[in-house]
Every structure is written in structure tokens, then in C-alpha cells.
Amino acid sequence: MLNSNEILEILNQTFLLALRIALPLLLVSMIIGIVIAIFQAATSINEQTLTFVPKLLSIVGMLVLLGGTMLRTLQEFFIRILTIIQGG
């Protein structure tokens, strides 16, 4: 049986893992959005849907580049959790 400190450590690791996986995608999406917003402000283009395609393409590109690393990280975490559940 796990004590409360071990459970809190697992929760902490889970939140850090979620942050490590989501942060690159969110940062790239945010940077692309800011660049396009500056471009829209400079050119007075007020089209709300203009940011969708570049953000989508940048996220797909990041998934292609980092997808293997993200998957490996999730697999390692899952194996660690299964080991804890197994009692080791």
C-alpha cells in the first residue's frame, strides 16, 4: 500500500510529465500566434481564422520532430507506474 508521500510524488511526476509533453507544442503555437497577430496589426487584416492553419502546421511539425521522444517518455512513465502497482 502506498503512503501519502508516495502518492504525492507520483502526482508531482505526472504533472511534470504533462508539462514536459505539452509545453513545446503550446510554446510553438503561442509564438506563431503572436507573430501572426503582429502581422495582422501591422497590415490591418482582421481575419480571425488566419492563425489556424499556421498553428496547425507548426503543431504537426513539432509532433513529427518530437513525437518519438514524447512517446518514449510516456512509455517509460507507464512502465514506472506499472512497477509501482506491481509492488516493486
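Details
- Degrees between helix 4-43 axis and first principal axis of the chain (Cα, 0 to 90, nearest 10): 10
- For the chain, the longest principal axis of the alpha carbon atoms and the long axis of helix 52-86 meet at an angle near 0°.
- For the chain, calculated [θ]222 nm from helices alone, where every DSSP H run of n ≥ 4 adds -39500 (n - 2.57): -31500 deg cm²/dmol
- Annotation for VAL64 and LEU27: the two label points, set 7 Å from Cα along the Cα-Cβ direction, are 2.1 nm apart.
- A simple spin-label model places the labels of VAL53 and GLN75 3.6 nm from each other, with each point 7 Å out along Cα-to-Cβ.
- Here the chain is assigned +1 on the Cβ of each Lys and Arg and -1 on the Cβ of each Asp and Glu. Its dipole about the Cα centre then comes out at about 140 debye.
- Checking every one of the GluC sites (Glu not before Pro) in the chain against DSSP loop status and a limit of 10 other Cβ atoms within 10 Å picks out GLU47.
- Among (i) 61, 26, 14; (ii) 32, 29, 24; (iii) 56, 29, 19, the entry derived from the coordinates for Cα extents along the principal axes in Å: (i)
Readers should treat all values here as calculations from the given coordinates under stated rules, not as data from a laboratory. The structure presented is a predicted model; accordingly, all values stated were derived computationally and were not measured. In this analysis, Cβ positions are derived from the backbone assuming ideal geometry, glycine residues included, and neighbour counts consider all displayed protein chains.
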